[in-house]
Amino acid sequence: MKKTNRLLPVLILVISLLLTYCNSKGRENPSEEKSNPDSSSVKKEYSQARDKKEEDKRTKFRKRGNWAPDTGDVAVPVEVTSVVRGSISNFLLYNSTLETEQQVEIFSRVGGVVEAIYVDEGDRVRKGQPLLQIEKREYELAEQKALVEYQKQQANYNRIKALEAENLLSEEEYENARLALKQAEIAWKQAALNLEYTTVKSPINGVVGERKVDVGEWIQSNTPLFTIANLDEKIIRIYVPQDEYPKCYLNQKAVVTTEVIPGKKFRGKVKRISPVIDPQSGTFKLTVAVDDPENLLRPGMFVNVELIVDTHQDALLIPKSALIYENERIYFFIVSADSALKVELQKGFEDAEKVEILNSLPVNTKVVVLGQNGLKTGTKVKVIKEKEYAWQQQKMRAGSRRASSASG
C-alpha cells in the first residue's frame, strides 16, 4: 500500500508532460499549413522567370532598333500630309538690299531762300517737272544787268567794226571790242542760266524718296534737296564667291523673297555679271533685275536672292516639318496600317519649305508632320488632321492643268 502511494505522483507527472507535448505539436501544425512556404517559393520563382523573359524580349528588340513601349490600345494622335510630285530647284542663296537702277540725288546749283516746294515724299514726278523754287528776284536783276551790258558792247562793237572797215582804227582796237562783246555775251548767258537754276526740276521719271529742305530755309550751292528713284526698274547687287562663277550666266532665273512680305515670291533674272574678281574678297559683282508688277518692294529692303542652278521636275516632295534629326542622320515617319514606320531620308534638292526624297514611296503616302517626336516603328497612331501646304496646292493645280491639256 505504501509502495502504490509513492508511484502515484510519478504517474501524474508523466501524464502532464505528455499532455503538454501534444498541445505544442497541435499549435505548430496549423501554423505550418497557413504559411505554406513551399507554395510561396514557387510563385516567386515564376514571377522572376516571367520578368526575365520580358527583359530578354525588350533587349532583343532594342538591338533591332524598333522596340516601342507597350502603350496598350491607346493610339498617338498625329497630323499628316501627302507625298506629292512637283518641281524643286537647287540654288545659291545670298542676302542683299534692294536698289533701283535709277536713283539720283538732286542738289541746288544756286544759293538763296527756298520760296516754294511743289512735291513731297512719295509723289511721282516726270522728267523736267518743277520740284522747288528758290527766290529769284535777285537773279532776274542780275540777268537784266548782264543783258544791258551785252547790248552796250554789241553797239560798241558795231561802231568799231564800221570804223575798222574804213581803216580808221587799229586792228588792236577792233580786237578788244570783239573780245569785250564776247565776254558780255557769256556773262549774260551765265546770268540767264542762274535765273533758270532757281527753279529746280526733276532729271528723271520716278518717285520722290526723300525731301531734305523746307520752305523759308536758306540754302547754298550744292545743298542736297531731294532723292528721286525710278521704281519701275528694281535691282539687287550681290557679291558671289569666285568658285561659283561657272554656275552664273546672263538671264539666269532667280527668286527674290523678303521677310517684310512673307509668303510672296518675286521673279528675277541676272542682268549683269562683272568680269572682274575682287582680289581682296575673292568675289565678283552680279546684278539681278527684279520683276515687281504690283510695286510692293521698296528700295532699301533687305531681301534674299536664290540663283537657280538646276531644277528637278516631277520629284517626290515632302515638307521639311516632317523631318527628324538624329545622330547626323535625317528620318521621317509614314503611316502604314494605322502604325508608324520610321524611314531614313534619301535627300535630293531642298528649299526653305520642302525637300526632295529619293526614297521609293508612292504618291499620296501619308507622312507625319506633327506629333512624330517620340514615335517608334510600330507605334499605333491616330490621324486627327490631314494638312495641305500652299506649295502642294500649286503642284496639284499645275498637275490638273497638265492633265486637262493632255486629255484635250
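Values in this text are rule-based calculations from the coordinates and carry no lab data. As the structure is a prediction and not an experimental result, all values here were calculated from the model. Ideal geometry is used to build each Cβ from the backbone, glycine not excepted, and the neighbour counts take in all protein chains shown.
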Backbone HN-Hα couplings from phi across region 106-121 [Karplus 6.51/-1.76/1.60, Hz, Gly and Pro as x]: 9, 10, 6, 9, 9, x, x, 8, 5, 8, 7, 10, 9, 9, 9, 4
Rounded to whole Å and ordered largest first, report the semi-axes of the equivalent ellipsoid of region 282-398 derived from its Cα gyration tensor (root of 5λ). 35, 17, 14
If I take every Cα pair under 8 Å that is 6 or more residues apart in region 136-197, average their sequence separation and divide by the length, what percent do I get for the relative contact order? 54
Based on the mean of other beta carbon atoms within 10 Å per residue, what is the order of 367-376, 162-171, most packed first? 367-376, 162-171
Can you check what the Kirkwood hydrodynamic radius comes to for region 136-197, Cα pairs only, in Å to one decimal? 12.3
Additional length obtainable on full extension of the chain from Gln103 to Ser336, 0.36 nm per residue less Cα span: 78.0 nm
With r defined as the distance between the Cβ atoms of Ser170 and Arg137 and R0 fixed at 41 Å, what FRET efficiency is calculated, to the nearest 0.05? 0.40
Find, among the trypsin sites (Lys or Arg not before Pro) in region 214-317, those assigned to loop by DSSP (not H, G, I, E, B) with at most 13 other beta-carbon atoms within 10 angstrom. Lys264, Lys265
With a Förster radius of 30 Å, plug the Cβ-Cβ distance of Leu370 and Thr311 into 1/(1 + (r/R0)^6) and report the FRET value to the nearest 0.05. 0.55
